[in-house]
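**Student:** Below are the structure tokens for one structure; questions will follow.
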Amino acid sequence: MNYFRTAILLAGLTALFMGVGFLVAGREGALIALLAAGAMNLFAYWNSDKMVLSMHGATEIDDSSAPDLFAIVRDLATRAGLPMPRVYVMDNPQPNAFATGRNPEHSAVAVTTGLLEALNRDELAGVIAHELAHIRNRDTLTMTVTATIAGAISMLAQLGMFFGGNRDNNHGFGVIGTLAMVILAPIAAMLVQMAISRTREYSADDTGARIAGQPMALASALAKISNYAERIPNETAEQNPATAHLFIINPLAGAHGWDNLFATHPAVENRIAALQELAGELGAGASAAPASRSVPPRGPWGMSRRGPWS
């Protein structure tokens, strides 16, 4: 089902891409955009995960460089019935995380240094389990490919500002149409992102809480991350806003609060309420998350201080 949904989304994004191309350079622009979109879709399927990890400066870790973090991911992946994903750390003070990859066999989980410093072990396990849920639900292909294409649409629409008005009215809709597309194309791409973002977060919260076995630890983590994200900017995400929907909490400044049309994530309060209901159903983890355990002497979650995140 997720592969069919991905195909539909790619078709819609390709149509948007062609529309922007038409407004920038008429029929020739639409044809060029179609060819470019085809190549981009193929490239995104195989390489979008690498692109996103590179955008956010993620560095891969292993059992020797971060034994505690690696062990948590390995244990949770086993519980979820998943292959061991690659594990990455992003040198970023904002607590946050995301998962990527075209399928469970080619997947990765990335967490920020801020996340490792802000959460206790149970909360961290809840966040990682949430990301593993995205992998198990095969959300990551749709999420990552959409981020790549939507970002390209936004960039192409912005180029229309410079080139769209420098041609005669026999091609496209002239400068007025170009200005309209510059505004509408990124919004349309954002709406596509939201179509895959909000319901999927509730599902990943539910599945992740069941994997980790402590719904309230994940609820506590969401509250902490949201609070920090409102105060600590994520400069890398601000530079790549098309990737915002990948994160467990929206990393962009001013993007937090109530559910609304243009929110890429459900309101944190609603997600926490859903987890509280789940905790009641499971009869476990309904109390506050356990106190933070001591931090290993090598650094957060056993990471060597020699790494670029120190």
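**Student:** For the peptides 57-63, 89-95, 123-129, what is the packing order when you average, over each peptide's residues, the other Cβ atoms within 10 Å and list the highest mean first?
**Tutor:** 123-129, 89-95, 57-63
**Student:** Show me the ranking of peptides 201-207, 212-218 by mean Cβ neighbours inside 10 Å, starting with the highest.
**Tutor:** Details: 201-207: 19.7, 212-218: 25.9.
Highest mean packing first, the order is 212-218, 201-207.
**Student:** Moving to a separate point now. Per-residue HN-Hα couplings for the stretch 62-77, Karplus 6.51 cos²θ - 1.76 cosθ + 1.60 at θ = phi - 60°, whole Hz, x for Gly and Pro?
**Tutor:** After applying 6.51 cos²θ - 1.76 cosθ + 1.60, I find 9, 5, 8, 8, 8, x, 5, 4, 4, 5, 4, 4, 4, 5, 5, 4 Hz.
**Student:** Under a point spin-label approximation (7 Å from Cα along Cα-to-Cβ), what is the A36-L252 distance to one decimal in nm?
**Tutor:** Going from the A36 label point to the L252 one covers 2.1 nm.
**Student:** Mind checking the full-extension length gain between E238 and R74? Use 0.36 nm per residue of separation minus the Cα-Cα distance, one decimal, nm.
**Tutor:** Contour length minus the Cα-Cα distance gives 56.0 nm.
**Student:** Of the listed peptides 229-241, 264-276, what is their order by residue-averaged count of other C-beta atoms within 10 Å, with the highest listed first?
**Tutor:** Put in order of decreasing packing, that is 264-276, 229-241.
**Student:** Separate question: Going by amide H atoms built from the backbone, whose H comes under 5 Å of the H on N92, apart from near neighbours?
**Tutor:** T113, G114
**Student:** Summing Lys, Arg as +1 and Asp, Glu as -1, what charge do residues with Cβ under 14 Å from the Cβ of G283 carry, G283 excluded?
**Tutor:** Local charge sum for G283: -1.
**Student:** Can you tell me the FRET efficiency between A273 and D63 if r is taken as the Cβ-Cβ distance and R0 is 25 Å, rounded to the nearest 0.05? Please report the intermediate quantities before stating the final value.
**Tutor:** Details: r = 37 Å, r/R0 = 1.50.
Given R0 = 25 Å and the Cβ-Cβ separation, E is 0.10.
The numbers here are math on the coordinates, done by the rules we state, and not lab data. None of these values were measured; they are calculated from a predicted model. Neighbour counts run over all protein chains shown; Cβ positions are idealised from the backbone, glycine included.
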